[in-house]
Amino acid sequence: MKYANITGWGKCLPPSVLTNDDLSTIMETSDEWIYPRTGIKARRVSHVSTTTLATLAGRRALACAGLDASDLDGIILATATPGTLVPNCASAVQQALGAHKAAVFDLNAACTGFVYALSVATSLVQTGMMSKVLVIGAERLTQLLDWAKRDTAVLFGDGAGAVVIEASGLESGLIANKLGCDSEAREILHVPNFGTDRVRFADIDGLFTFNFEGQEIFKRAVRGMGEATGAVLAQAGIAPEQVDLIVPHQANVRIIETLAKRMHADMDKVMVNIEQYGNTSAATVPIALCEALEQGRVKPNSYLLSAAFGAGLTWGAALIKW
Ligand code: ACO
C-alpha cells in the first residue's frame, strides 16, 4: 500500500495586524462584542496578492521537506480568493516557485478547501499518478470585505499555509477522510456577483460582499463537522480518545469547543489560534498545523484529526497519522 507522507510544512502571515480595538475606530463594534462571541482578538491584512502569500508558504514547506520546486509533480492551491480566475492562481505559484514540471490547479471548497485538497493530493499519490505534491491553502479575504458591514468584517483575515506530501511505504499521512456538501444551505454563506452569474453592466450594490446567516451556519457547521469526524474515526477504526490532537477549521471558538465536547476531548487536545488570525478560510487548517508542529504538539506516530466546513456548505474531516 502506498501512503502520502507529509514531509514539509510552512506558513505565511502578513505582518499587518488589525485588532478588535482598531476596528472599533472605524465601525460600531468593540472587543467586548467580538471576543466572547468569536474568540477573535486580531486578524492579519495582506498588502500582497494571494499568489505571493501562497508562494511564500509553499517555498517554506519545500525548504522544510528539503525539496527543490522542480521536483514537484503537482501543486494544488485551495482558495476562494484567487488573484485571477483565468489563468488559475496555481499557475502563478508554479511560475514564482519555478516548479516547471508540476501540474497545477485551484480548488475551491471555501473554508473546507485544504481538507479537500489534501484528500485529492493523497489520492493522486496513492494511485501513483504523482509522487511529490505541494498542497496550499491561501486566502486574501479582506479584499472581499465591506468594512461598513460589522457582522462579517470582524470575522475574517488573510494568510497561507502549505504542506508537501510525498509517496512512501511508511504508514503515515492522510489515512481516512470524509467529504461532503450541504448544498441546500448554499445561499446562507454567499458572495454574490463574484463570478459569471453577475449581471453584466448593472450598477451592482454590494459587489464582493458576504451574504451571511451566522446562526444558521453555526448549527450546520457543528452538524457537518460532527458527522464527518464520526465517519472518519469509524473508517479508521479509531476511538475518539485515541486522537492526540484536533486541528479544526478556525471560524469561531464556540464551534471548536462544541466539536471538542462532542468528541469528549479536553481543549488542551485542540489546536486553537483563531485569537490572533481570525478566519482565514482554506488557510486556517495548514496554518494551525504548522503552529502545532512549531510548538512541539505533534509527536511521532500520533493521530491528528482535522475537520472543517465552509461555503457550499462544504464540510469534511481528515485523519492524519504522523
Ligand atoms: N459588533 C457589534 N455588534 C454587532 C456586530 C459587531 N461586529 N455584528 C453584529 N452585531 C449586532 C447585530 O447588529 C445584532 O444587533 P441587533 O440585535 O440590535 O440587531 C446583534 O449584534 C446580534 O447579531 P447576530 O448576528 O444575531 O449575532 P450572533 O449572536 O449570531 O453572533 C456570530 C454572530 C458570532 C457571527 C455568530 O453567528 C457565529 O458564531 N456564527 C457562526 C460562525 C461563523 O459563521 N463564522 C463565519 C465563518 S464562515 C466559514 O467559516 C465558512
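Read the figures in this text as sums done on the coordinates, not as results from a lab. Computed from a prediction, not measured in an experiment: that's the story for all the values here. FYI the Cβ positions are ideal-geometry reconstructions off the backbone, even for glycines, and counts take in every protein chain you see.
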Exercise for review: Identify all residues within region 247-294 that are farther than 20 Å from Arg220 by Cα and out of contact with any strand residue (DSSP E or B) (no Cβ under 7 Å at 6 or more places or on another chain); write none if there are none.
Suggested key: Asp266, Met267, Asp268, Val272, Asn273, Glu275, Ala288, Glu291, Glu294
Practice item. Give region 311-322 a look and list any residue that's hydrophobic (A, V, I, L, M, F, W, C) and within 16 Å of the ligand (Cβ to nearest atom), or say none. Key: Ala311, Leu313, Trp315, Ala317
**Study point:** Selection status of Ile256, touching a helix residue (DSSP H, G or I) at 6+ places or on another chain (Cβ under 7 Å), under 29 Å from Ser46 (Cβ atoms) and not charged (D, E, K, R)
**Key:** no
Study note, to complete from the structure: Pairing a residue in region 210-231 that is of a type in the set (Gly, Ala, Ser) with any residue that is in a helix (DSSP H, G or I) and near the ligand (Cβ under 8 Å from one of its atoms), where Cβ atoms lie under 6 Å and the two sit 6 or more apart in sequence or on different chains, gives Ala221/Ile255
Exercise for review: Please find, within region 280-310, the residue that is nearest to the ligand (Cβ to nearest atom) out of those that are in a strand (DSSP E or B) and buried (at least 24 other Cβ atoms within 10 Å of the Cβ).
Suggested key: Gly310
**Study point:** Among residues of region 261-279, those that are away from the ligand (no atom under 12 Å from the Cβ) and either touching a Phe, Trp or Tyr at 6+ places or on another chain (Cβ under 7 Å) or polar (S, T, N, Q) (or both), counted
**Key:** 2
Practice item. Within region 267-315, work out how many residues are without any contact (Cβ under 8 Å) to a residue 12 or more places away in the chain and within 21 Å of Thr38 (Cβ to Cβ). Key: 2
Exercise for review: Specify which of the listed residues (Leu155, Leu174) is more than 16 Å from the ligand (Cβ to nearest atom) and crowded, with 17+ Cβ neighbours inside 10 Å.
Suggested key: Leu174
